[in-house]
Amino acid sequence: MHVLGLTGGMGMGKSTVATMLAKAGLPVFDADATVRALQADGGAALPAIKALVPEAVQHNHLDRGVLRRAVVAQPGLLRQLERVMHPLVWAARNRFLAYHRRIGTAWVVLDVPLLFETGSNRICDHVLVVSAPALLQAARIARRRGVPVAEARKLIARQMPDARKRLLADTVIETGVALPETRRQVRSFLKVLTS
């Protein structure tokens, strides 16, 4: 079994590319979806999050707005939250990989925003980075989250720079283009990957 790592900063179009890969038949482990499940009502991560940000968890429910504001206000908090979440996400990822190894899947995708930061790239046979211009990235985040562009830029600044991810990538998909062009890039990439 081969592992394709898929990553890119927030607002870069990673989910769009992951959907294209899934439609092409590659099983995708979505780290963000795993995080959402762990943080859902009654989720396994809530007690530890409550210990860090008590006001963010009330009646076994996470208030993401409260948590997001706390992360923006307290730079060190993000690292503490990552220490809670990463082991839980890695356990789910390992179950996904073990299952597909057992059934003989040829290629699987690890859709992980912090692929390089967590060292998960080391278990990948190929790393695909999605990238878009910085102005477009900030605008996408601001629109999606309903926050000012200045706040979106603060969130971006906390991530590994796009230029660094591009240097570490085996392949870069440009997502600051029309959707049909992104699809064309993904189709061309898959032809090379599976040949």
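The values are calculated or read from the model by the stated rules, or taken from the named source; none is laboratory data. Small disclaimer: the values here were computed from a predicted structure and weren't measured. Please note: Cβ atoms are built from the backbone with ideal geometry, for glycine as well, and neighbour counts cover all protein chains shown. Quick note on the areas: whole protein, heavy atoms, side chains included, nothing else; ligands and nucleic acids left out. Shrake-Rupley method; radii C 1.70, N 1.55, O 1.52, S 1.80 Å.
For the reader, a short list of remarks on this structure follows.
- Which listed residue, of GLU82, GLU117, is surrounded by fewer than 16 Cβ atoms within 10 Å (Cβ to Cβ), out of contact with any Pro (no Cβ under 9 Å at 6 or more places or on another chain) and in a loop (DSSP other than H, G, I, E, B): GLU117
To keep it simple, each residue is scored yes or no on (1) charged (D, E, K, R); (2) free of Cβ contacts under 8 Å to residues at least 24 places away in the same chain.
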residue	(1), (2)
LEU67	no, yes
VAL72	no, no
GLY76	no, yes
GLU82	yes, no
LEU88	no, no
ARG95	yes, yes
ALA98	no, yes
ASP111	yes, no
SER120	no, no
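- Residues of segment 38-49 that turn out to be assigned to a helix (DSSP H, G or I) and in contact (Cβ under 8 Å) with a residue 12 or more places away in the chain, as a count: 4
- Qualifying residues in segment 101-114 (those that are assigned to a loop (DSSP other than H, G, I, E, B) and farther than 15 Å from ASP30 by Cβ) - the one least open to solvent (accessible area, probe 1.4 Å): THR105
- Annotation note: Cβ proximity below 7 Å between a residue of segment 126-151 that is under 22 Å from GLY5 (Cβ atoms) and a residue that is part of a helix (DSSP H, G or I) and open to solvent by 60 Å² or more (accessible area, probe 1.4 Å) (sequence gap 6+ or interchain) occurs for VAL127/LEU168; VAL129/ARG166; SER131/ARG166.
- Of the residues making up segment 17-32, those that are open to solvent by 30 Å² or more (accessible area, probe 1.4 Å), modelled with pLDDT of 95 or more and under 12 Å from the mean Cα position of the chain (by Cα) are VAL28, ASP30.
- Residue match in segment 159-178 (condition: within 20 Å of HIS2 (Cβ to Cβ), modelled with pLDDT of 90 or more, small (Gly, Ala, Ser) and open to solvent by 30 Å² or more (accessible area, probe 1.4 Å)): no
- Number of the exception - ARG143 against (1) open to solvent by 70 Å² or more (accessible area, probe 1.4 Å); (2) assigned to a loop (DSSP other than H, G, I, E, B): (2)
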